[in-house]
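Student: Let me give you the structure first, and then I'll get to my questions.
Taken together, the values in this text are just the output of simple stated rules run on the coordinates, not laboratory data. All of these numbers come straight from a predicted model, not from anything done at the bench. No Cβ is skipped: glycine too gets one built from the backbone with ideal geometry, and neighbour counts run over all protein chains shown.
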Amino acid sequence: MIRKLLDKIFKPKSSQGEASRIESHKSTQHQPSRPVLSTKRTTKKNTRSDRDSAQVITLNTHKIDLKLLSSGAFKTVEGLQKAGFEAYIVGGAVRDLLLNRIPKDFDIATDATPEEVNRIFRRSRIIGRRFRLVHVLFGDETIEVSTFRGSHLDSGDSKVTDSGRIIRDNVFGSIVDDAIRRDFTANALYYDPSNQEVLDFHNGFADIRAGVLRMIGKPETRYAEDPVRMLRAVRLSAKLGLQIDAGTMAPIAKMADLLQDVPPSRLFDEMLKLFLSGHAIESVSALREQHLHHGLLPMLDVVLEQPMGERFVMLALKNTDDRILSGKSANPSFLFATLLWHEVLAAWESYKTENHPPIPALHMAMSEVIATQAEKLAIHNRYTATMKEIWGMQPRFEQRAGKRPFGLLTHPRYRAGYDFLLLRCESGELPMELGEWWTTFAEADSEIRTAMLQADTAPKKRKKRNRKKATPGASNNSEPSATQ
Ligand code: ATP
Ligand code: MG
């Protein structure tokens with residue numbers, strides 16, 4: 001009977017019904033400290049010496065306000081701790097709290113394996129291959145829970161390329177192992193809300209106080225393991241106003257080429273974070289200083305070197321930064337459409353000089369730019385479709401006669417197309433008067449709109465005639481000249 005009951009509680013949920021899952025930390029409260037009976041332990045229990053090797057920073061010193069934690073973060077730590085596991089808030093959230101910033105999300109580190117975490121929280125799922133993690137869902141909030149990582153040099157589920165890049169990494173370890181695997185000292189702080197202590201294994205607290213971003217371990221090795229850390233250094237320093245430590249900075253210029261080997265989807269994610277950080281201008285300038293932009297956005301190299309292109313991109317980034325910093329959302333499709341616009345313009349021009357009609361030439365240019373860029377930066381299809389719509393709408397803004405402007409106003413992406421047009425005007429590519437005309441036209445009543453229309457000078461569309469099939473040998477001279 002007892003055996004049966006234990007089986008019912010602890011068997012993996014795949015072999016049980018949904019209803020028998022451990023529902024929440026409330027029901028885990030009465031469980032023994034290790035709720036998994038038969039699975040092999042893959043994590044190491046932290047010992048006293050683990051904790052002893054950390055500096056313990058107490059509330060008096062760190063002054064983190066508990067009220068700034070999200071309820072999801074709180075409940076996740078509580079649920080894990082009540083089930084007998086260790087759990088801490090880690091990474092960017094602790095760093096941001098210490099810098100008096102509101103964290104944008106919360107990550108938790110624990111000694112529970114992904115399966116164990118998954119069993120504790122009913123609304124959770126295991127994700128990822130390179131790093132297996134658990135997403136715990138609380139309404140709109142997603143809390144990312146990762147198991148303490150061990151060294152990839154230990155045997156286990158890890159894989160490293162010849163250049164030292166880690167491509168799979170599922171070896172679990174202790175909190176000490178986990179801390180050493182993190183990138184910067186400021187990102188390796190472990191905050192336990194239950195006793196309000198921060199565990200600091202790499203002097204991250206002092207670095208944050210001193211405004212320094214410092215790599216843990218030997219920077220060259222850490223960049224070789226994961227070249228994306230170079231981008232993270234630039235992005236985090238721009239976003240947080242931290243100075244990159246000289247030793248952390250020095251290898252970047254000579255190791256920048258390693259980014260070529262990073263899978264495009266990861267580069268895309270990182271670039272998106274960079275552009276949507278609210279500090280895109282500083283980040284792009286820093287990338288250029290470090291020559292990191294060459295491999296990332298090859299077309300951006302060209303664009304930034306033309307005065308008009310640079311002005312346009314900088315205006316677009318400034319616009320995005322302003323939106324993010326004032327709490328508005330920014331659309332990645334719009335952003336990538338701006339970054340690549342001058343490349344599209346150049347390709348469009350060249351197709352037109354090859355005598356392709358303007359609209360087909362624009363579509364050829366758009367496809368060409370997307371195809372070339374996609375190789376480097378895996379811009380997802382769901383973004384490229386919108387980018388093409390925004391670009392494709394642009395020639396229509398120059399048509400201000402007849403029914404055409406009314407049609408354009410009803411386009412589902414009109415607003416994005418119009419904002420894009422305004423940037424083109426502000427950058428000097430088009431006269432300001434065109435943007436102003438659309439601003440007025442969109443807001444005016446129908447009488448004023450009609451009065452605003454320009455004279456229709458475009459050639460009238462010809463009606464299709466029923467042509468007689470030309471018989472071989474017959475002269476074509478009888479065809480009306482207008483159709484030739
Ligand atoms: P952000 O505020 O932009 O989210 P973050 O530091 O929280 O910054 P995440 O990508 O959310 O960035 O990562 C969470 C934590 O995971 C980091 O703080 C760091 O401890 C660790 N981490 C992330 N990426 C790496 C990496 N490439 N190498 C080592 N540790 C990493
Ligand atoms: Mg984060």
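Student: Among the aspartates and glutamates, which have Cα under 13 Å from the Cα of Lys75 when same-chain residues fewer than 8 positions away are ignored?
Tutor: Correct list for Lys75: Glu23, Asp107, Glu141, Glu144, Asp192.
Student: Something else now. 5 Å is the cut-off here: which amide hydrogens, built 1.01 Å from N in the peptide plane, fall below it relative to Leu213, excluding neighbours closer than 5 in sequence?
Tutor: Residues meeting the criterion, in which the H sits 1.01 Å from N, are Gln243, Ile244, Asp245.
Student: Separate question: Amide H neighbours of Glu197 under 5 Å, at least 5 residues apart or on other chains, H built in the peptide plane: list them.
Tutor: Amide H neighbours of Glu197, under 5 Å, 5+ apart: Asp192.
Student: What nm distance separates the two modelled labels at Ser329 and His291, each placed 7 Å from Cα along Cα→Cβ?
Tutor: That separation, rounded to one decimal, is 4.0 nm.
Student: Exposure proxy check: Thr161, Thr384 ranked by fewest other beta carbons within 10 Å?
Tutor: If I rank by nearby Cβ atoms, fewest first, I get Thr161, Thr384.
Student: Can you give the extra length, in nm with one decimal, that the chain gains between Thr58 and Met308 once fully stretched, where that is 0.36 nm per residue apart less the Cα-Cα distance?
Tutor: 84.7 nm
Student: Would you mind checking region 244-270 for residues with the amide N under 18 Å from a putative spin-label position 7 Å along Cα→C-beta of Phe131?
Tutor: Within reach of a label on Phe131, which here means backbone N under 18 Å from a point 7 Å along Cα→Cβ, region 244-270 contributes 262-270.
Student: Can you tell me the dipole magnitude for region 292-455 around its Cα centre, using point charges on the Cβ only (Lys, Arg +1; Asp, Glu -1), in Debye to the nearest 20?
Tutor: The calculation lands at about 520 debye.
Student: In what order do Met387, Met432, Met366 fall by count of nearby beta-carbon atoms within 10 Å, going from fewest to most? Show your work: numbers first, answer last.
Tutor: Details: Met387 27, Met432 11, Met366 23.
Ascending Cβ contact count within 10 Å gives the list Met432, Met366, Met387.
Student: Under a straight-distance cross-link criterion of Cα-Cα below 13 Å, which aspartates and glutamates are reachable from Lys239, leaving out those fewer than 8 residues away in the same chain?
Tutor: Asp96, Glu282, Asp321
Student: Can I ask one more? Under a crude label model (7 Å from the Cα following the beta-carbon direction), how far is Ser367 from Arg404 in nanometres?
Tutor: Distance between label points: 2.3 nm.
Student: At 7 Å along Cα-to-Cβ for each site, give me the label-to-label distance between Lys218 and Asn100 in nm.
Tutor: 4.0
Student: Using a 7 Å offset from Cα along Cα-Cβ at Arg209, what residues in region 174-202 end up with backbone N under 20 Å from the label point?
Tutor: Only 184-192, 196-202 fall inside the zone, counting backbone N under 20 Å.
Student: Let me ask something additional. Rounded to whole Hz and in sequence order, give me ³J(HN,Hα) for region 139-149 from the Karplus expression 6.51 cos²θ - 1.76 cosθ + 1.60, θ = phi - 60°, writing x for Gly and Pro.
Tutor: For region 139-149, the Karplus-derived couplings read x, 7, 8, 10, 9, 9, 10, 10, 7, 3, 8 Hz, x marking Gly and Pro.
Student: Once the piece of chain linking Trp437 and Ala250 is laid out straight, how much longer is it, given 0.36 nm per residue of separation minus the C-alpha distance between them? Kindly include the intermediate steps, with their values, before the conclusion.
Tutor: Values: separation 187, 0.36 × 187 = 67.32 nm, distance 5.10 nm.
Taking Trp437 through Ala250 to full extension adds about 62.2 nm, to one decimal.
Student: Can you tell me how region 327-415 classifies by the Cα gyration tensor, rounded, prolate or oblate, using a/c under 1.5 as the rounded cut?
Tutor: Oblate.
Student: Further question: Any aspartates and glutamates with Cα under 12 Å of the Lys218 Cα? List them, leaving off those in the same chain fewer than 8 positions away.
Tutor: By straight Cα distance, Lys218 reaches Asp183.
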